[in-house]
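Here the structure is laid out as C-alpha cells; the discussion comes afterwards.
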C-alpha cells in the first residue's frame, strides 16, 4: 500500500504531466519529452477542430488566420472553459472581440450564442424567456438581438 508521501509525490507528477500537455511545459522526469510534446500538439489540434465544428462561421471567416489566432488565445487560456466546444468558442469569440480581431460576422455569431445559452462553471445552460443581448460592430455601432419564447428573433444592427 502506498504511503502518504508516495501519493503526494504521484499527485505532483500527475499535475506536472497535465501541465505539460495543456501548457506545453517540460514533462516530469522519466517521461519522453518528444512524445509528450506530440501528445500536447494532438490535444490542441483536437480542441481546435472541435471549435471549428461548433463555430463554423468563425472558422470559415478567419480562414488561414484561424490557427495563429487560436494559438494566441490558447496561450492565454490553456484549458478549455466549461461547456465544451460551445463554451470554448464563446470564450474564443470574446477574446477575438477584445483583441480587435473579430469581423462583424463573428461578433454577430457570438451575440446569437450569448442570446441562446449561458456558459458557467456548471457547463452550458439554455436561456429562457425573453432575451436581449448587445454587442458592438467593429466600427463601434451597436448590434442588438432580441429573442422570445417559442422561437423568433429580431436583430437590429446600427
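Filtering 56, 28 for residues that are more than 21 Å from residue 113 (Cβ to Cβ) and without any contact (Cβ under 8 Å) to a residue 40 or more places away in the chain leaves a single hit, 28. Picking from residues in the stretch 1-28 that are part of a loop (DSSP other than H, G, I, E, B) and modelled with pLDDT of 85 or more, the one that is farthest from residue 72 (Cα to Cα) is 3.
Residues that are surrounded by fewer than 17 Cβ atoms within 10 Å (Cβ to Cβ), without any contact (Cβ under 8 Å) to a residue 40 or more places away in the chain and in a loop (DSSP other than H, G, I, E, B) within the stretch 102-123 comprise just one, 121. Of the residues screened, residue 103 is not one that is in the same structural domain as residue 133 (by TED's automatic domain parsing), closer than 25 Å to residue 42 by Cβ and in contact with a helix residue (DSSP H, G or I) (Cβ under 7 Å, 6 or more places away or on another chain). When you look at residue 87, is it in a loop (DSSP other than H, G, I, E, B) and assigned by TED's automatic domain parsing to the domain that holds residue 54, yes or no? Criteria not met by residue 87. Would a scan of the stretch 136-154 turn up a residue that is in a strand (DSSP E or B), in contact with a helix residue (DSSP H, G or I) (Cβ under 9 Å, 6 or more places away or on another chain) and surrounded by fewer than 14 Cβ atoms within 10 Å (Cβ to Cβ)? Checked the stretch 136-154: at least one residue is in a strand (DSSP E or B), in contact with a helix residue (DSSP H, G or I) (Cβ under 9 Å, 6 or more places away or on another chain) and surrounded by fewer than 14 Cβ atoms within 10 Å (Cβ to Cβ).
The values are calculated or read from the model by the stated rules, or taken from the named source; none is laboratory data. Worth saying up front: this structure is predicted, and the values here are computed from it rather than measured. Every residue, glycine among them, receives a Cβ derived from its backbone with ideal geometry; neighbour counts consider all protein chains shown.
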